[in-house]
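Reviewing the structure listed below.
The values are calculated or read from the model by the stated rules, or taken from the named source; none is laboratory data. Worth saying up front: this structure is predicted, and the values here are computed from it rather than measured. As a convention, Cβ positions derive from the backbone with ideal geometry for all residues, glycine included, and neighbour counts pool all protein chains shown. Just the protein is used for accessible areas: all its heavy atoms, side chains included, with ligands, DNA and RNA removed. Shrake-Rupley method; radii C 1.70, N 1.55, O 1.52, S 1.80 Å.
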Amino acid sequence: MSGWLMAAHAADDADAQWARQCPGMAAWAKAQEARVAAERKAHPSVKPSQPALRDELLQMGEADTQARNAAIAGGGKDPALFKAVYDVDGRNLPRIKQIDAELGFPTPAQVGSDGMHAAWLIVQHADRDPDFQMHVLEELRARPGHGGVDAQEYAALTDRVLLAQHKPQRYGTQFDPKGISDGELKPSPMEDAVHADQRRAAIGLPPLADYKCMLQVVYKVPAKP
């Protein structure tokens, strides 16, 4: 599944569950996988110029994902698991800032596409430093094709930055975490919500209803009638 996806999925059986319950999201995910496979075939990856940095970024990204998966698998109720997420983010943040200060945001040529996506994931979760997230967003905006990140990833970071600035998000990639506990899962404040699906479709995101369905299953939020 593409790196932009905001809900880390805890296990294969969880993937199968939301795929059964959310056919629209499953169809979108399958199309995404086919698109990525086609792009990789058309543009085979080349050896990154900084393989050691790529390996480090992949390890950092894996630590991020594993911690969040464990918190989700724990039902979102174990403080120790949330502390583990916070601790991983705390270790990743100064290192990704150092990398950016020395090299700029990593490129596919430097660290491969997977290394770059890992770097994006780390920045996406660097919520304790919203100024740095904004800095990276501006870096990507200034590069052709947003520096190689997927349009969906760029949109997700855009929404994250807007919300940190106490502005409404644009694409509906961010949902209010309070909904996980109160059973009313909904997007964080969003500009022109009526046309959100049009904006999402324009950059390849699934409809909000399909995305919400998937989040409800992953986070075990009972759907209200």
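Points to keep in mind about this one:
- Count of segment 43-91 residues which are more than 21 Å from the chain's Cα centre (by Cα) and of a type in the set (Asp, Glu): 1
- Residue ID - nearest to ARG200 (Cα to Cα), chosen from residues in segment 144-166 that are in a loop (DSSP other than H, G, I, E, B) and in contact (Cβ under 8 Å) with a residue 12 or more places away in the chain: ASP150
- Filter result for LYS97 (charged (D, E, K, R), within 20 Å of SER113 (Cα to Cα) and not in a helix (DSSP H, G or I)): no
- In segment 105-133, the residues that are of a type outside the set (Asp, Glu), assigned to a loop (DSSP other than H, G, I, E, B), over 19 Å from PRO48 (Cα atoms) and open to solvent by 10 Å² or more (accessible area, probe 1.4 Å): HIS125, ARG128
- Evaluation of ASP159 against (1) at negative phi; (2) open to solvent by 10 Å² or more (accessible area, probe 1.4 Å) (one fails), failing number: (2)
- Some residue of segment 38-57 being open to solvent by less than 40 Å² (accessible area, probe 1.4 Å) and either among the small types (Gly, Ala, Ser) or under 25 Å from ASP210 (Cβ atoms) (or both): no
- Conditions (1) in contact with an Asp or Glu (Cβ under 9 Å, 6 or more places away or on another chain); (2) at pLDDT 80 or above; (3) of a type in the set (S, T, N, Q); number of the one not met by GLN66: (1)
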